[in-house]
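Written below as structure tokens is the structure these notes are about.
The values are calculated or read from the model by the stated rules, or taken from the named source; none is laboratory data. Predicted model only: the values in this text are computed from it and were never measured. Positions of Cβ are backbone-derived with ideal geometry, glycine not excepted, and every protein chain shown enters the neighbour counts.
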């Protein structure tokens, strides 16, 4: 067993399952017990801690954690002085970054932030909201919201600052977006002292490389096919490749095998074109990692 350890904070709560799934694709098997906040991981050099995303940047900054994954929003909200290693888009469903938005009820007379002078705003990101108001020279009361913020907008406060990806929940609650305060994506961050440590830095960089490779692979697939050499130029014209495709000879004279990686969302359009260009035995397969 290794005596060197990297203490790594993963977000507890809504991001937990997605993060653990991404870590599994990156090659790290993590098992969470309901009785412990210290999960098992099949790497002797890693110590995982499950901590709320809101707190991770503070624990990394103060050195309790060497590194961690948290949202850019919480780094800003906490004003944490940490080293940012990389940015990761976790949401496969939307591939859109989350946004903290200023919202009011649809029928509210509020059109800009300046209309909120002397009004009350509820949010989980109090510091971020106060900073935004200062920037626009608006004096308003900002109160911390423990949750169900969308409901409060209609009865208890004049506006809210809430997190959204698609805006569908806000529309369902009859809320209108006035402005975007911050766009946020998950980040891998490190403690400055840990980043200066040669071994820890290399371990963190390896984690970032494998995680990025796993995320890249989520939107791509591999394609294999056979084609007659005479049809190869026509086939290559209709094949958008990540890099130049791999072409290898087959035992059948005059035929070659072509292998490439493409974006998953265009597969349904491209397979008929490849077939029309002379491709046979087309195989599509999922990928675990794509490392550039």
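Taking the listed residues 170, 211, the one that is within 23 Å of the chain's Cα centre (by Cα), under 19 Å from residue 20 (Cβ atoms) and surrounded by 19 or more Cβ atoms within 10 Å (Cβ to Cβ) is 211, with no other qualifying. Applying the condition of being in contact with a strand residue (DSSP E or B) (Cβ under 8 Å, 6 or more places away or on another chain) and exposed (fewer than 15 other Cβ atoms within 10 Å of the Cβ) to region 229-242 and asking which residue is nearest to residue 20 (Cα to Cα) yields 242.
Residues in region 213-243 that are more than 17 Å from residue 277 (Cβ to Cβ) and out of contact with any helix residue (DSSP H, G or I) (no Cβ under 9 Å at 6 or more places or on another chain) were compared, and the one that is modelled with the highest pLDDT is 222. Does residue 221 satisfy the criteria of being in contact with a strand residue (DSSP E or B) (Cβ under 8 Å, 6 or more places away or on another chain), assigned to a strand (DSSP E or B) and farther than 20 Å from residue 265 by Cβ? Criteria not met by residue 221.
Restricting to region 13-27, give me the number of residues that are touching a residue at least 60 places away in the same chain (Cβ under 8 Å) and touching a strand residue (DSSP E or B) at 6+ places or on another chain (Cβ under 8 Å).
First, the residues of region 13-27 that are touching a residue at least 60 places away in the same chain (Cβ under 8 Å): 15, 18-19, 22-23, 25-27.
Next, only the ones that are touching a strand residue (DSSP E or B) at 6+ places or on another chain (Cβ under 8 Å) stay: 15, 19, 23.
So the count comes out to 3.
Which of the residues spanning region 168-199 are under 23 Å from residue 96 (Cβ atoms) and without any contact (Cβ under 8 Å) to a residue 60 or more places away in the chain? Within region 168-199, 168, 169, 171, 172, 173 qualify. Looking across region 17-31 at every residue that is surrounded by fewer than 17 Cβ atoms within 10 Å (Cβ to Cβ) and modelled with pLDDT under 90, the one that is nearest to residue 202 (Cα to Cα) is identified as 21. For the residues 65, 102, 89, the requirement of being in a loop (DSSP other than H, G, I, E, B), in contact (Cβ under 8 Å) with a residue 24 or more places away in the chain, surrounded by 20 or more Cβ atoms within 10 Å (Cβ to Cβ) and on the phi < 0 side of the Ramachandran plot singles out 65. Residue 81 meets the conditions (1) over 18 Å from the mean Cα position of the chain (by Cα); (2) more than 24 Å from residue 21 (Cβ to Cβ); (3) assigned to a helix (DSSP H, G or I); (4) in contact (Cβ under 8 Å) with a residue 60 or more places away in the chain in every case but one. The failed one is (3). Kindly check whether there is at least one residue in region 109-126 that is under 28 Å from the mean Cα position of the chain (by Cα) and either without any contact (Cβ under 8 Å) to a residue 12 or more places away in the chain or surrounded by fewer than 21 Cβ atoms within 10 Å (Cβ to Cβ) (or both). The answer is yes, given that some residue of region 109-126 is under 28 Å from the mean Cα position of the chain (by Cα) and either without any contact (Cβ under 8 Å) to a residue 12 or more places away in the chain or surrounded by fewer than 21 Cβ atoms within 10 Å (Cβ to Cβ) (or both). The residues of region 105-132 that are part of a strand (DSSP E or B) and more than 22 Å from residue 15 (Cβ to Cβ), listed by number, are 105, 120, 121, 122. Taking the criterion of being touching a residue at least 40 places away in the same chain (Cβ under 8 Å) and farther than 13 Å from residue 223 by Cα, the residues of region 270-286 that qualify are 277, 278. Restricting attention to region 244-259, the residues that are surrounded by 11 or more Cβ atoms within 10 Å (Cβ to Cβ), modelled with pLDDT of 90 or more and either part of a loop (DSSP other than H, G, I, E, B) or not assigned by TED's automatic domain parsing to the domain that holds residue 229 (or both) add up to 1. Taken over region 32-61, the criterion of being without any contact (Cβ under 8 Å) to a residue 40 or more places away in the chain, surrounded by fewer than 16 Cβ atoms within 10 Å (Cβ to Cβ) and either assigned to a loop (DSSP other than H, G, I, E, B) or in contact with a helix residue (DSSP H, G or I) (Cβ under 6 Å, 6 or more places away or on another chain) (or both) is satisfied by 33, 34, 35, 36, 37, 38, 42. Residue-level check: of (1) buried (at least 19 other Cβ atoms within 10 Å of the Cβ); (2) within 29 Å of residue 46 (Cα to Cα), residue 205 misses just (1). Checking each residue in region 95-108 for being closer than 15 Å to residue 156 by Cα and under 32 Å from the mean Cα position of the chain (by Cα) picks out 103, 104, 105.
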